[in-house]
1. What list of ³J(HN,Hα) couplings, whole Hz, do you get for segment 95-111 from phi and the Karplus terms 6.51, -1.76, 1.60, once you set θ to phi - 60° and write x for glycine and proline?
2. Counting only protein chains, not ligands or nucleic acids, how are Ser16, Ser158 ordered by accessible area (probe 1.4 Å), most first?
3. Any idea of Val28's accessible area? Nearest 10 Å², probe 1.4 Å.
4. Counting heavy atoms of the protein chains only and a 1.4 Å probe, report the per residue accessible area for segment 1-158 as a whole number of Å².
5. Got a sec to turn the phi values of segment 141-156 into Karplus ³J(HN,Hα) couplings, 6.51 cos²θ - 1.76 cosθ + 1.60 with θ = phi - 60°, whole Hz, x for Gly and Pro?
6. How many nm is it between the label spots at Arg131 and Asp77, if each spot is 7 Å from the Cα in line with the beta carbon?
7. If you place +1 on the Cβ of every Lys and Arg, -1 on the Cβ of every Asp and Glu, and leave all else neutral, what size is the dipole of the chain about its Cα centre, to the nearest 20 Debye?
8. Can you return the lysines within cross-link range of Lys141? Criterion is Cα-Cα under 26 Å, with same-chain partners fewer than 8 residues away left out.
Amino acid sequence: MTIATRRVLLVPYNESLLSDFVVLNCCVKNRANMNGPYTVSKAREVFERILNDNTVYARAVLDNFTREYIGHVAITDIHTSPELVFILDKAYWGKGIASEALGAFYAKALRDLKLHTVKATANVDHFASIRVLEKLGFVKKGLNSDAYGPFFEYQFTSDEEVNESALFETLS
């Protein structure tokens, strides 16, 4: 199902988006605050998982006006340890598009998947991602580190049904 907001469309993935996904995820700048750029083979492997793994709930983010592919949002490992992940092309940073896209996606995902707890991570110096996670209601749970540096661990917990309108208003 497609999710539409004022500036973005969130659409299910299909094979036609492979090259756009690879370009997005192999870009050094796009993935500077993630664990570095993917190789082409790694990006293809992740894309295949998105298409074929029923533990991944993902949407491609398209510009609502040009229909250009601009990013990716997903919840992975939905049956065991759900984790929110997202990436936008550098040309769309700083415009509120991540908040807009994730606000629409996340509320629907929580409802459709009946999730009550979701985790996420953000590099300690990636203030934009930290702000988006906090707007979504994630709470900082800890600090960890890996080969790519320190990152915060976040968790979202809800005991009540998600009110999509209220969540979207919070992000606006």
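1. Ordered by residue, 3J(HN,Hα) equals 10, x, 6, 4, 4, 5, 5, 5, x, 6, 5, 5, 4, 5, 4, 4, 5 Hz.
2. Numbers: Ser16 85, Ser158 15 Å².
Correct descending sequence by accessible area is Ser16, Ser158.
3. 100 Å²
4. Numbers: 7830 Å² over 158 residues.
Each residue of segment 1-158 exposes 50 Å² on average to a 1.4 Å probe.
5. With coefficients 6.51, -1.76 and 1.60, one gets 10, x, 10, 9, 8, 9, 4, 9, x, x, 8, 8, 9, 10, 9, 10 Hz.
6. 2.9 nm
7. Values: 19 positive and 21 negative charges, 78 e Å.
In total the dipole reaches around 380 debye.
8. Lys108, Lys114, Lys119
The values are calculated or read from the model by the stated rules, or taken from the named source; none is laboratory data. Remember, it's a predicted structure, so these values are computed and weren't measured experimentally. Here Cβ is always computed from backbone atoms with ideal geometry, including for glycine, and neighbour counts include all displayed protein chains. For accessibility, only protein heavy atoms count, side chains too; no ligands or nucleic acids. Shrake-Rupley method; radii C 1.70, N 1.55, O 1.52, S 1.80 Å.
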